[in-house]
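The values are calculated or read from the model by the stated rules, or taken from the named source; none is laboratory data. A quick note: this is a predicted structure, and the numbers were derived from the prediction, not measured. Methodologically, a virtual Cβ is constructed for each residue, glycine included, from the backbone with ideal geometry; neighbour enumeration extends over all protein chains shown.
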Amino acid sequence: MLFYVAKGCPNCHGKISDERLAKGLPCENCLSEKDTFSLSGISDICEILSSKNSLKDLKTFCEVEKKVEIFNKVFKDILNIHPSSLQISWAKRFFLGESFAIVAPTGTGKTTFGLISCLLTSKKALIIVPTKVLVKQVEEKLNNYLAKGKKASFKNKLILAYKGSNKEKELLEKGKFDIFICTSAFLHRNFELLKSIDFSLIFVDDVDSFLKNSKNVDNLFLLLGFSKKEIELALKRNKEEKDYENLLRIKEKHKKRIKQLIISSATLKPKTNRVLLFQNLLGFEITRFVSTLRKVIDTYIPINLNDKKTKKEVFYKLLEVTEILIGNLKEGGLLFIEEAFGKSYVEIATDYLRDKGFKVISYLEANEEKLLYALKNKEVDVAIGLCHIGNPLVRGIDIPEVLRYAIFLGVPKHIFPLSKGKEGFSLSLSPQFLYSILISLIPLLEEEERITAISHLNYLRKYLTLKEDKIVQYEGLYKKILSIKEFLESKLNDPDFLEKLKKSEEVFLEVDEAGNYYVIVGNASSYLQASGRVSRLTTRGLLPGLSIILVDNFKALNSLKKRLRFYLGDEAEFKEIDLKDALNLNIEVKNERQKLSKEKIDFKNYLLIVESPHKAKTIANFFGKPSVRRIKNVWVYEIPMENTLLSVCASLGHVFDLSRKKGIFGVLQENSHFYPVFNTIKIDKKNKEQFVDDEEIKNRNEIFDKGEIIEVLRTLSFCADQTFIASDPDAEGEKIAYDLYSSLKPFQTNIKRLEFHEVTERALRKALENPQEINITRVKAQLARRVADRWVGFSLSQQLWKIFKKSRLSAGRVQTPVLGWIIERAKLAKQYKYKISFSLNGHKFSIEINEESLAKKILEELPKKLKITEKERFEDELSPPPPYTTDTILEDAFHFFRFSSSYTMQLLQELFELGLITYHRTDSTRISEVGRYQVAKPYITQVLGENFFNPREWKSEGAHEGIRPTKPWDLAEIKLRIAHGLLTFKNPKDSFKLYDTIFRRFMASQTRKTKVLKGLFEFKLPSYSWEESLILNIIQSGYEFFWTKPQIFKMNDSIYPENIQYNKVPKVFLYNQGTLIQEMKKRGLGRPSTYAEIVSTLLQRYYVYELKNGSLVPTSLGKEVYTYLKNNYGEYVSEDFTRELEKFMDEVEEGKKEWEEICFKLLPLLNLSNTITSN
């Protein structure tokens, strides 16, 4: 046992040890030690608690466990198979009383689950399906289930399906049924009749068709018991804070009505504002998840078009190759005609291929449903559509088991026509057109222009649907859009920019045979969506597919490759093939699909808990656009992986903190042991003040208790197959992980720790493949640190309150000795020396002299009497700096940009959570193989050449890495991703500066040394001489391309000192935030995670203040506080004592010491300060 959790018992909310929680047990008051020996899970615990009449808060989960057992048995009896992991997870949510949307791949048993849930509900259920045919099918299924489940509790249930007869309607009116099945059209026509019936469960199968009618959605919510006023409030556009508070109350009130809604869909594509009702009244969004998982072989066939001049000639040449391909590849294909050819060419292709004997259908001949039917039933071999994001074949078709290959007749591209007159190019005022042109041209803009362009894009995004003729009605809008138009026209009419445009591989200018100008760029979104039709996630796994582009324009293909990186993370790899290769690849795809079809995947439901919502969202976005639900204050992002439905959410950092009221500053002393007492963190919603103990919040009304988060995570964990905790990879993160682990263990036996040092898909997958146990020694080290901070801080702070009569004062085991350094440095800074600086041929020199008389003599002699002699020449190598650690980035961020340490940490946290840099709380410079070969090598090779790449590990102890970028993306690439809406920053300009510094420093660290020619020079004056080695030339370039360029000294005969300056300067400069943190690192005080916090505390307490130049100066209060502490508690605020404690904590983490020893070390301090109170 390590500690107690006040109110942590999952059953009675009493005090409980971490040990019992980690074993999945309630507290000893609920369940004595002798009753725990033969327990193997929550069911056994429920049974014993029930037999002792001690079942309290666990009752709900115990009842759900019993109901799930019944669900299991019924499922097996009816279908002769066990339910899947996903169906068990849905069953738990159903029995917990949740309303939810089931969005999962086709074939995962959504309908089966919904029907069995209706059978198991104790009251009346309503099933809504799209068509009468489905009404009949569902009725037959349910009657079949009843026949097979004769022994089940529902054997006498009455099934009523409305197929059109009056008798069915009469039975409905009389309530002679248990389950009623109807179409959404019946609901629309007979709502008043249905409203009079009390349905406890409504199951909507294939919700997409249901959502097309907004009146149906309104009626659905009225059936669920919501009033018209509540529906109006949920749909209200500009909600105020009180509206959201009312909606929370409405949600809680609805839960007590025990009316549930389950909706099912494979795709979920809502096109109505009624989605707000689900979000605001039931707590889940019915947004469609869009998976970016794809297993497509991307290929292209070059087509010789030298003799083809007209559009028609090019088209027919491509069509001839298409004919051969379809003849070889057979059925299961999609043909996408490049958008610029237009609809008429779709008709030409359809007729041409039919004439050649192929069974084809075009999107112009049939709606989406007919296209699906024709492909599913193999009435056609190939469907033909335009390669445009709005085409039904690009977005609407989801039959992966049928579709195997996609052919692109022409490279998918955007073509923007330009109007050119006598005065040059002129553009329309259409926001959509300007936006498209600007986002295409942004890679060619200069650095500063890109920032302007990003601002313009953000502005235009708000008005994309606004027509050009409407703009003039709004003066301010007109002026702004006109300025954007003029900005673009100025670029297009600049000869240098046009030259860039002609040479660019990402976006380029073309002129057709009629002399019309076009800006052309690869259409990555349409290509991804269209090719994605042939590779989808199914219950058999991720199906492979083949994509073939018939290349009509190589520049467009290069542009497409480059633009795909915004969606895939890296530039896409396309393989050049011929017709024979296409046939072989098609056989490969077929064979792989056959292997997959042998067994069905049992999709698992994994819960992943991270610390911050930002990180949760970043992770969920690795695999596409997630669906979202909100449970109280927890946002849950759901997205499928290859064999998993991943739910990602955040704990919002620490959930527990050390009590302030229990025992000795939160630590109980029992039987010669020390046990800290933790409680949930409580936050005042108004002023964000933080509390721990219940006594502290007695007179406060609006409190957010993180116990609510634990309750939500317990429910989510209970419904999952496995829970992974991925808090930050350090001692503090380990304590958070252990707190969550122990809190969730009674509800989920399968919990693992994930650790990754960068928020990337690569790192996440690796962590999931190698899950770990909680590192208890790390937890103990954090416990020792927390208790030491509390005991030293609280005991000394209370003494300060008594002496100085100020309750805002504080002391700390690191804070106080660091304050001493600042005071000492301020004394030393009053001693002065003399600095003479000058330049020779632009090269800067300085001399520092302690004696004033000598300094003045040098100043007098320097202009005319300086003699310079070159003594020798030699070659040397300059080594690059190592990658950043926490202390060095904080120092440089202050030195370069004057960023405070706390602000820099905020920026670093954001960059880390966005997946752009590795973990930033580190004292290691080590660089992993991934960093060297997957980040540094591709970039350095591309920019400078392979011979510049010099991989260095920068070895140091520990698993952490130095701070580095996670992708080979420079600042220009980051700005492009912002322009495309893929990244957002709170403070973009500052984030740019910091990221660019990290990126360049890392790339420099992996680049070869710079070889230079140096000269050793003697500088001689009558009264003073000195020697310096100066760089004369760069022999071989290296890391200086990314980092500081060496200063070259040019010597000639007529060289005289210029810009001579004479200054009186301190012998030792005052600390600034950067140099103070460097001193902490050097002297071994503090940790990467606390450097910034210590500096901030000293400033907040007004112990020091910051001069305009950033120097830190002690205040009189700071000096008085430090003097008092040093005189009375010198041993405990000394640098040596603090360093000894840090060393002790490291030994605890290494398993060499027991954490409790720190309590015995600090007891004398508590006695000295008279702060020990009774338990």
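Quick check on D739: is it within 27 Å of the chain's Cα centre (by Cα) and at pLDDT below 95?
So D739 fails the test.
Here is a check on your reading of the model: is N643 farther than 30 Å from C1159 by Cβ, in contact with a Lys or Arg (Cβ under 8 Å, 6 or more places away or on another chain) and not basic (K, R)?
Answer is yes for this residue.
Within region 72-112, can you find the residues that are over 32 Å from the mean Cα position of the chain (by Cα) and either assigned by TED's automatic domain parsing to the domain that holds K155 or crowded, with 21+ Cβ neighbours inside 10 Å (or both)?
Correct list: V74, F75, P83, T111, T112.
From A514, A530, A572, A556, grab the single residue that is under 24 Å from N391 (Cβ atoms) and either touching a Cys at 6+ places or on another chain (Cβ under 9 Å) or free of Cβ contacts under 8 Å to residues at least 40 places away in the same chain (or both).
Just a single option satisfies the conditions, and that option is A530.
Within region 901-911, can one find any residue that is assigned to a loop (DSSP other than H, G, I, E, B), surrounded by fewer than 22 Cβ atoms within 10 Å (Cβ to Cβ) and modelled with pLDDT of 95 or more?
No, region 901-911 contains no residue that is assigned to a loop (DSSP other than H, G, I, E, B), surrounded by fewer than 22 Cβ atoms within 10 Å (Cβ to Cβ) and modelled with pLDDT of 95 or more.
If you scan region 1033-1059, which residues turn out to be at pLDDT 95 or above and within 14 Å of L840 (Cβ to Cβ)?
Selection gives nothing.
Only one of these is of a type outside the set (G, A, S) and either within 22 Å of V759 (Cβ to Cβ) or touching a Lys or Arg at 6+ places or on another chain (Cβ under 9 Å) (or both): Q934, Q942. Name it.
Q934
Quick check, is D198 loosely packed, with under 14 Cβ neighbours inside 10 Å and in contact with a Lys or Arg (Cβ under 8 Å, 6 or more places away or on another chain)?
Spelling it out, D198 is indeed loosely packed, with under 14 Cβ neighbours inside 10 Å and in contact with a Lys or Arg (Cβ under 8 Å, 6 or more places away or on another chain).
Which of the residues that make up region 315-333 are part of a helix (DSSP H, G or I) and among the basic types (K, R)?
Answer for region 315-333, where residues must be part of a helix (DSSP H, G or I) and among the basic types (K, R): just K317.
Give me a count of the residues in region 476-498 that are more than 35 Å from the chain's Cα centre (by Cα), of a type in the set (D, E, K, R) and either closer than 16 Å to S440 by Cα or at pLDDT below 90 (or both).
Summing the residues that are more than 35 Å from the chain's Cα centre (by Cα), of a type in the set (D, E, K, R) and either closer than 16 Å to S440 by Cα or at pLDDT below 90 (or both) in region 476-498 gives 2.
I need a count of the residues in region 373-420 that are on the phi > 0 side of the Ramachandran plot and either touching a His at 6+ places or on another chain (Cβ under 8 Å) or surrounded by 23 or more Cβ atoms within 10 Å (Cβ to Cβ) (or both).
Count: 1.
Give all pairs with beta carbons closer than 7 Å in which a residue from region 389-409 that is within 14 Å of I548 (Cβ to Cβ) meets a residue that is among the hydroxyl-bearing types (S, T, Y); count only pairs at least 6 apart in sequence or on separate chains.
From residues that are within 14 Å of I548 (Cβ to Cβ), the pairs are A406/S531; A406/S547; I407/T322; L409/T322.
So which of S839, S853, S807, S797 ends up being out of contact with any helix residue (DSSP H, G or I) (no Cβ under 9 Å at 6 or more places or on another chain), free of Cβ contacts under 8 Å to residues at least 12 places away in the same chain and on the phi < 0 side of the Ramachandran plot?
None of the other options fit; the residue is S853.
In this structure, is L224 surrounded by 13 or more Cβ atoms within 10 Å (Cβ to Cβ), at pLDDT 85 or above and not basic (K, R)?
Answer is yes for this residue.
It is to be established whether one or more residues within region 50-71 are touching a residue at least 40 places away in the same chain (Cβ under 8 Å), within 25 Å of L740 (Cβ to Cβ) and surrounded by fewer than 18 Cβ atoms within 10 Å (Cβ to Cβ).
Checked against the condition, which is being touching a residue at least 40 places away in the same chain (Cβ under 8 Å), within 25 Å of L740 (Cβ to Cβ) and surrounded by fewer than 18 Cβ atoms within 10 Å (Cβ to Cβ), region 50-71 yields at least one hit.
Of the conditions (1) in contact with a Ser or Thr (Cβ under 8 Å, 6 or more places away or on another chain); (2) outside any helix (DSSP H, G or I), L305 clears all except one; give me its number.
L305 satisfies every listed condition except (1).
In region 421-435, what residues are of a type in the set (A, V, I, L, M, F, W, C) and surrounded by fewer than 22 Cβ atoms within 10 Å (Cβ to Cβ)?
F425, L427, L429, F433
With the condition being closer than 25 Å to S264 by Cα, I'd like the helices (runs of 4 or more DSSP H) fully within region 26-97 carrying at least 3 qualifying residues.
Output list reads 59-79, 85-95.
Under 8 Å by Cβ, and 6 or more places apart or on different chains, what pairs join a residue from region 447-468 that is assigned by TED's automatic domain parsing to the domain that holds I437 with one that is among the hydroxyl-bearing types (S, T, Y)?
That search, which allows pairs on different chains as well, returns L457/Y435; L460/Y435; R461/Y435; L464/Y435; K467/S430; E468/S428; E468/S430.
Could you check E732 against (1) over 20 Å from E1149 (Cα atoms); (2) at pLDDT below 95; (3) not hydrophobic (A, V, I, L, M, F, W, C) and say which number it fails?
Of (1) over 20 Å from E1149 (Cα atoms); (2) at pLDDT below 95; (3) not hydrophobic (A, V, I, L, M, F, W, C), only one is false for E732: (1).
Among the residues of region 381-388, are any in the same structural domain as E592 (by TED's automatic domain parsing), part of a loop (DSSP other than H, G, I, E, B), under 32 Å from the mean Cα position of the chain (by Cα) and in contact (Cβ under 8 Å) with a residue 40 or more places away in the chain?
yes
Are any of the residues in region 833-851 basic (K, R) and in contact with a Lys or Arg (Cβ under 9 Å, 6 or more places away or on another chain)?
yes
So, of the residues in region 997-1040 that are touching a helix residue (DSSP H, G or I) at 6+ places or on another chain (Cβ under 7 Å) and in a strand (DSSP E or B), which turns out to be nearest to E860 (Cα to Cα)?
Filtering region 997-1040 for residues that are touching a helix residue (DSSP H, G or I) at 6+ places or on another chain (Cβ under 7 Å) and in a strand (DSSP E or B), the one nearest to E860 (Cα to Cα) comes out as L1021.
Determine whether Y162 is within 51 Å of the chain's Cα centre (by Cα), in contact (Cβ under 8 Å) with a residue 12 or more places away in the chain and over 25 Å from K67 (Cβ atoms).
For Y162, the condition - within 51 Å of the chain's Cα centre (by Cα), in contact (Cβ under 8 Å) with a residue 12 or more places away in the chain and over 25 Å from K67 (Cβ atoms) - is met.
Go over the candidates I78, I159, I102 one by one and state the one that is under 19 Å from F718 (Cβ atoms) and not charged (D, E, K, R).
Going through I78, I159, I102 in turn, just one is under 19 Å from F718 (Cβ atoms) and not charged (D, E, K, R): I102.
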